[in-house]
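What follows is a set of notes on a single structure, which appears directly below.
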Amino acid sequence: MSRILYSGTRNASSWAFRAWLALKEQGVEFEEVDVDIRRPQRWANLAKIAEISPAAAVPVFVDNGFVIYDSSAIMEYANELGTSSLLPKDIKLRARARSMIAWQHSTFGNICSGLSFESSFYPNKKQLSADEKASAERIYSMWETELADHGGPYLVGDYSLADIAFVPSVLRLKLHHPVTNDWPLTAEWMRQLLNRPLVQEWLMDANKLPPIYHEGYHRG
Ligand SMILES: N[C@@H](CCC(=O)N[C@@H](CS)C(=O)NCC(=O)O)C(=O)O
């Protein structure tokens, strides 16, 4: 049995982080190949990934030679490999979890483009613009509603792929725009989510790496 996750740099690859969390959470054993996506080696390394994956991006999961690419597909596959489920049994709740995952995977309020995952690890954080703050607060309100509607402690009740999908966004949003008492359920959910041992394991490694700066972060 050979299972390989081509993962990404710990303080740069939010997508690999999600796939890695889902696989680990489901107890799937795999070898991890760290693909360094920092410049300048990024291009040569991604060219090698292109030899196995048409998407030419990480993460890629190779299960006995069978290639699964895109974090979302890997998360679903991890879920199916495990003996327990990271999706709710109830059809509507399951659809709700998938709605959140799809939203995160597509636009997610467009806030992530100006707030890279890498910026979570910068010692000096920029001030968010009024628009960015409004977007962050809209997202906090959405999380608060989900937690209130489904009784917590996680978004659809039990820990699910929806929580995993949001981990990198929780990190970057919380570190740039702290959650106040206006969103008490969200604050507690974030605390629990970021303290999960697997999340901490990844973040401890990420914090040891030199920050990867993007031009324009402090200007924009
Ligand atoms: N939708 C893809 C996105 C993957 C992605 O963009 N990965 C980044 C690293 S986090 C990458 O490899 N980018 C390659 C590039 O931009 O050329 C997924 O969810 O797996």
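Any read-out appearing in this document is the output of simple, stated calculations on the displayed coordinates, not a laboratory observation. What you see is a predicted model; the values in this text were computed from it and never measured. Neighbour counts are summed over all protein chains in view; Cβ atoms, including those assigned to glycine, are modelled from backbone coordinates with ideal geometry.
Name the residues whose placed amide hydrogens come within less than 5 Å of the amide hydrogen of G157, ignoring near sequence neighbours (fewer than 5 apart) on the same chain.
G152
Determine the relative contact order of segment 3-81: mean sequence separation of Cα pairs under 8 Å and six or more apart, normalised by residue count, in whole percent. Let's see the in-between values first.
Details: 127 pairs, mean separation 29.6, N = 79.
Once divided by the residue count of segment 3-81, the mean separation gives 38 percent.
Placing unit charges on C-beta atoms (Lys and Arg positive, Asp and Glu negative, everything else neutral), compute the dipole magnitude of the chain about its Cα centre in debye, rounded to 20.
Working: 23 positive and 26 negative charges, 104 e Å.
So the magnitude is around 500 debye.
For D34, enumerate residues with amide H under 5 Å from its amide H, sequence gap 5+ or separate chain, H modeled in the peptide plane.
S7
What is the fewest-to-most order of Y6, Y154 by other Cβ atoms lying within 10 Å of their Cβ? Walk me through the intermediate numbers first.
Details: Y6 24, Y154 19.
By the 10 Å Cβ count, ascending: Y154, Y6.
What list do you get for W183, W189, W43 if you sort them by fewest beta carbons within 10 Å? Provide the component values of the computation, followed by the final result.
On the way: W183 20, W189 23, W43 9.
Ordered from fewest to most neighbouring Cβ atoms within 10 Å, W183, W189, W43 come out as W43, W183, W189.
Which semi-axis lengths, in whole Å and largest first, follow from the square roots of five times the eigenvalues of the Cα gyration tensor of the chain?
Values: eigenvalues 143, 113, 40 Å².
Semi-axes (√(5λ), whole Å): 27, 24, 14.
Counting DSSP beta bridges in segment 3-81, what percent are antiparallel, to the nearest 5? Walk me through the numbers before you get to the answer.
Working: 8 of 13 bridges.
Restricted to segment 3-81, the bridges split so that about 60 percent are antiparallel.
Given the convex hull of the Cα atoms of segment 1-57, what is a quarter of its surface area in nm²?
Details: hull surface 16.5 nm².
Seen from a random direction, the Cα hull of segment 1-57 projects 4.1 nm² on average.
For segment 91-208, what's the relative contact order in percent, using C-alpha pairs closer than 8 Å and at least 6 residues apart? Each step should come with its number before you reach the end.
Values: 86 pairs, mean separation 36.0, N = 118.
Dividing the mean separation by the residue count of segment 91-208 yields 30 percent.
Just to be sure I understand: with springs between alpha-carbon atoms less than 10 Å apart, which residue in S116, S84, S13 has the highest mean-square fluctuation in the Gaussian network model of the chain?
S84
If you average the sequence gap of Cα pairs under 8 Å that are 6 or more apart and divide by the length of the chain, what percent do you get for the contact order? Display every interim value, and only then the final one.
Working: 294 pairs, mean separation 52.6, N = 220.
It comes to 24 percent, rounded to a whole number.
Restricting to bridges with both residues inside the chain, how much of the DSSP beta-bridge set is antiparallel, in percent to the nearest 5?
That works out to approximately 65 percent antiparallel.
So how far, in whole Å, is the C-alpha centre of segment 164-220 from the one of segment 27-106?
First find each Cα centre; the distance between them is then 20 Å.
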